[in-house]
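To keep things clear, I will list the structure first and then write my remarks on it.
The values are calculated or read from the model by the stated rules, or taken from the named source; none is laboratory data. Note that the structure is a prediction, hence the values are computed from the model and not measured. Cβ sites come from the backbone with ideal geometry, for glycine too, and all protein chains shown count toward neighbours.
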Ligand code: GDP
């Protein structure tokens, strides 16, 4: 066994033993695309698949981080450990050492059963699609009962998170034109559970009603799970127990119907694809001379080549 192999194995053993610094180092290896990443992932693989993976998404300001904290408290009260990834696709910073995480840890800072980590997608080839699932594997293998991934709902990220989690929670808050926003953002198809937060504010029941009406019309598979719509005041912790119960009910449903395995296999397929595409890209980024993408593009524009022939050249599958 090489020294590096030993140290990766050691790191994994320490992470599995509940040492937060080892968990942090493994996630940093994911973020930095460390040379030992393959070894890390191979070492983690046999320990994955146990965690209940929950995705929480919603527009900025609806109360995601407040809700995450309230959920952590509720899970801890039930004796379950929680690992959180807070993913901000717009942030240029890597999260590991950010003060933000310490602030977010808040009441949980001294609780060994809670781990919170911010992640930014930065300029990764596969972006969010590539690094987030790997970091989730770390938390899963480290033995957290619940892995919660929180993302800002901007553009397509709701759809992305739906692909990442076993159960997707869409968070809303009362406000102008919620229904229309929901339809536009494509959230009507992706939620397993809808939570209208800020129920202490006027308009929350109406938001829930509008959402129910729109969900009834949305193109969702028949005989499938009917997503509940719950109201919370995350700030006060009101309604959070009901959310945990609904999450558990959904997880039980996933198990019973075989949907859990199907979802996880779809997720693995997307991951494999993202990694394969990223390594293809990395390969042709190092190609020489005439195989360079820019010169191939010039050849297509000048009429010396066509896009199909150029793609074959790029992939090294030229038929000429
Ligand atoms: P995020 O951007 O989605 O993570 O939202 P935050 O959790 O940071 O919350 C945004 C703001 O809404 C903060 O000022 C919170 O204190 C506030 N907030 C969160 N939950 C509630 C709630 O249940 N009721 C009210 N009135 N305010 C809330």
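Tabulated values for the structure
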| read-out | value |
| --- | --- |
| Any hit, region 292-308, residues being more than 21 Å from residue 52 (Cα to Cα), at pLDDT below 85 and surrounded by 13 or more Cβ atoms within 10 Å (Cβ to Cβ) | yes |
| Helices (runs of 4 or more DSSP H) completely within region 232-307 that count 1 or more residues being in contact (Cβ under 8 Å) with a residue 24 or more places away in the chain | 240-257, 259-285 |
| Boolean, residue 207 is in the same structural domain as residue 151 (by TED's automatic domain parsing) and within 26 Å of residue 75 (Cα to Cα) | no |
| Complete set of residues in region 130-150 that are at pLDDT 90 or above, more than 16 Å from the ligand (Cβ to nearest atom) and in contact with a strand residue (DSSP E or B) (Cβ under 8 Å, 6 or more places away or on another chain) | 135, 136, 139, 140, 142, 144, 145, 146, 147 |
| Hey, residue 25 outside the structural domain of residue 151 (by TED's automatic domain parsing) and in a helix (DSSP H, G or I) or not | yes |
| Flag if residue 67 is part of a helix (DSSP H, G or I) and at pLDDT 95 or above | yes |
| Checking residue 34 against (1) assigned to a loop (DSSP other than H, G, I, E, B); (2) without any contact (Cβ under 8 Å) to a residue 12 or more places away in the chain; (3) crowded, with 16+ Cβ neighbours inside 10 Å, the condition it does not meet | (3) |
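Residue by residue, here is whether (1) under 22 Å from residue 26 (Cβ atoms); (2) within 12 Å of the ligand (Cβ to nearest atom); (3) at pLDDT 95 or above; (4) not assigned by TED's automatic domain parsing to the domain that holds residue 145 holds:
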position	(1), (2), (3), (4)
71	no, yes, yes, no
74	no, no, yes, no
77	no, no, yes, no
91	yes, no, no, no
103	no, yes, no, no
107	no, no, no, no
